[in-house]
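The values are calculated or read from the model by the stated rules, or taken from the named source; none is laboratory data. In this text, all values refer to a predicted model and were calculated from it rather than measured experimentally. Cβ atoms come from the backbone with ideal geometry, glycine included; neighbour counts cover every protein chain shown.
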Amino acid sequence: MEQERNNIVLIGMPGAGKSTLGIVLAKIMNLNFVDADLVIQSQCDKTLQKLIDACGPEGFIQVENEILSDLCADNSVIATGGSAVYSDDAMKHLGEIGRVVYLQISYSELVSRLSDLQERGVVLKGGIGMSLHDLYDERKPLYEQYADITVNVDDLSITAAARKVADAVK
């Protein structure tokens, strides 16, 4: 049985507001909310950072890919982790079950929102020495590649950004 494409899948940089905005968006649109990072933590019984520490960036991406490739959701807003775009199978599956919305933020906005990458469970493919700018440059084309809809959320409150996404997907 093929699943309807009735979900909204949020992708974007760590700090773009996927989880926070996703909850507000789900309320505005009367949808369920799924935080993919929490699904991964629950299935692995470890925090994201402990998973990354245990498996390394590539190992974590593999785990994330497997879990997201099998994710079942219906009438939901799905907030992915920022690294979901490293997994082609996962992104293909998510694109089949929902419309993929890229929450786009500028690099300067990202810097103002993010404090400590190490504490957030952020996957740095280039290792600990990878800068935030390197991460931004590496992921931005991937977000653009997988997005059905791009919504710039710079300088918007969470509620205003959620309304902007809701209008974009209607």
Matching residues in the stretch 15-26 (in contact (Cβ under 8 Å) with a residue 60 or more places away in the chain and surrounded by fewer than 20 Cβ atoms within 10 Å (Cβ to Cβ)) number 2
If a residue has to be in contact with a helix residue (DSSP H, G or I) (Cβ under 7 Å, 6 or more places away or on another chain) and among the hydroxyl-bearing types (Ser, Thr, Tyr) to count, how many in the stretch 20-51 make the cut?
2
Please report, ordered by residue number, the helices (runs of 4 or more DSSP H) entirely within the stretch 1-116 with at least 2 residues that are at pLDDT 95 or above.
18-29, 36-44, 48-69, 88-97
Can you pull out every residue in the stretch 32-86 that is crowded, with 16+ Cβ neighbours inside 10 Å and farther than 21 Å from Met13 by Cβ?
Cys44, Lys46, Cys55, Ala73, Ser76
Taking the conditions exactly as written (without any contact (Cβ under 8 Å) to a residue 60 or more places away in the chain and on the phi > 0 side of the Ramachandran plot), does Gly129 satisfy them or not?
no
Does at least one position in the stretch 155-165 carry a residue that is within 15 Å of the chain's Cα centre (by Cα), crowded, with 21+ Cβ neighbours inside 10 Å and assigned to a loop (DSSP other than H, G, I, E, B)?
no
